[in-house]
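Engineer: Before anything else, here's the structure in question.
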Amino acid sequence: MKKEQLTIPYFVVTENELSEEDRQLVELAKSATRTSFSPYSHFSVGAAVRLSNGKFLHGSNQENASYTTGTCAERCTVFYANARYPEAAVEVIAIVARREDGRFTPFPVSPCGACRQVLAEVEHRFKKPMRVLLFGADEIYIMESVGQLLPMQFNADSL
Ligand code: THU
């Protein structure tokens, strides 16, 4: 038997260490939390993407009284981006969450498993790493690709 180990590299930075472009994306994701429809969880999540054609788009979590039919901010945003610009790769996604008291979470909120799978498909589809910026008021995590969020992923190459 052989034991293998995976390591997940990511950067931990503060807001003032972000590049101007990344800061802009985080600001967009922050403002996107205001468009969240989350009367059940009271947890407002915003996401923003920068595309290879230079466009910035945003989305947010959209809940439903039939809970399971709602969707997370990440999926809302990348599906919207791919529907509007099907030829454009998603180069970066920023994700921000705000609690009921209106404050941003101090530590980053990590995308759920379903969103990781969807983000992985988008990354695979465009054959280009998608950087992931997970915002927290105290610290921000940066991953160089979705592959780092979802190692050993199932994708079209597995079929
Ligand atoms: N949510 C997101 O939008 N993204 C995440 O990464 C985690 C969870 C949403 C789903 C639901 O509307 C609310 O946050 C509480 O789970």
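The values are calculated or read from the model by the stated rules, or taken from the named source; none is laboratory data. These numbers come from a predicted model, not from an experiment. Glycine also receives a Cβ, built like all others from the backbone with ideal geometry; neighbour counts cover every protein chain displayed. These area figures cover heavy atoms from the full protein model, side chains too; ligands, DNA and RNA do not enter into them. Shrake-Rupley method; radii C 1.70, N 1.55, O 1.52, S 1.80 Å.
Engineer: Working only within region 91-118, note down all residues that are within 12 Å of the ligand (Cβ to nearest atom) and within 11 Å of residue 146 (Cα to Cα).
Structural biologist: Those that are within 12 Å of the ligand (Cβ to nearest atom) and within 11 Å of residue 146 (Cα to Cα): 93, 111, 115, 116, 118.
Engineer: State all residues of region 59-77 that are touching a strand residue (DSSP E or B) at 6+ places or on another chain (Cβ under 6 Å) and either open to solvent by 50 Å² or more (accessible area, probe 1.4 Å) or among the aliphatic types (A, V, I, L, M) (or both); if no residue qualifies, say none.
Structural biologist: Once the filter is applied, which keeps residues that are touching a strand residue (DSSP E or B) at 6+ places or on another chain (Cβ under 6 Å) and either open to solvent by 50 Å² or more (accessible area, probe 1.4 Å) or among the aliphatic types (A, V, I, L, M) (or both), region 59-77 yields 62, 73.
Engineer: Those residues that are touching a residue at least 60 places away in the same chain (Cβ under 8 Å), of a type in the set (A, V, I, L, M, F, W, C) and part of a loop (DSSP other than H, G, I, E, B), I need them from region 1-39; list them, please.
Structural biologist: 6, 8, 18
Engineer: Is it the case that residue 84 is charged (D, E, K, R) and either open to solvent by 60 Å² or more (accessible area, probe 1.4 Å) or in contact with a Lys or Arg (Cβ under 7 Å, 6 or more places away or on another chain) (or both)?
Structural biologist: Spelling it out, residue 84 is indeed charged (D, E, K, R) and either open to solvent by 60 Å² or more (accessible area, probe 1.4 Å) or in contact with a Lys or Arg (Cβ under 7 Å, 6 or more places away or on another chain) (or both).
Engineer: Right, another one. Would you pick out the residues in region 40-62 that are touching a residue at least 60 places away in the same chain (Cβ under 8 Å) and within 15 Å of the ligand (Cβ to nearest atom)?
Structural biologist: 45
Engineer: Looking at this structure, is residue 6 away from the ligand (no atom under 16 Å from the Cβ) and buried (at least 19 other Cβ atoms within 10 Å of the Cβ)?
Structural biologist: no
Engineer: Another one. For the subset of region 68-90 comprising residues that are within 10 Å of the ligand (Cβ to nearest atom) and in a loop (DSSP other than H, G, I, E, B), which member is nearest to residue 27 (Cα to Cα)?
Structural biologist: That would be 72.
Engineer: Tally time: how many residues in region 107-119 are open to solvent by 50 Å² or more (accessible area, probe 1.4 Å) and either among the aromatic types (Phe, Trp, Tyr) or under 20 Å from residue 23 (Cα atoms) (or both)?
Structural biologist: 2
Engineer: In region 91-111, what residues are outside any strand (DSSP E or B) and among the acidic types (Asp, Glu)?
Structural biologist: 100, 101 - these are the residues of region 91-111 that are outside any strand (DSSP E or B) and among the acidic types (Asp, Glu).
Engineer: Which is over 23 Å from residue 84 (Cβ atoms), polar (S, T, N, Q) and open to solvent by less than 100 Å² (accessible area, probe 1.4 Å), of 31, 38?
Structural biologist: Going through 31, 38 in turn, just one is over 23 Å from residue 84 (Cβ atoms), polar (S, T, N, Q) and open to solvent by less than 100 Å² (accessible area, probe 1.4 Å): 38.
Engineer: Taking the condition in contact with a strand residue (DSSP E or B) (Cβ under 9 Å, 6 or more places away or on another chain), farther than 15 Å from residue 134 by Cα and free of Cβ contacts under 8 Å to residues at least 24 places away in the same chain, does residue 80 pass?
Structural biologist: yes
Engineer: If residue 50 passes every condition in (1) in contact with a helix residue (DSSP H, G or I) (Cβ under 7 Å, 6 or more places away or on another chain); (2) farther than 19 Å from residue 129 by Cβ; (3) of a type in the set (D, E, K, R) but one, which one does it miss?
Structural biologist: Failed condition: (2).
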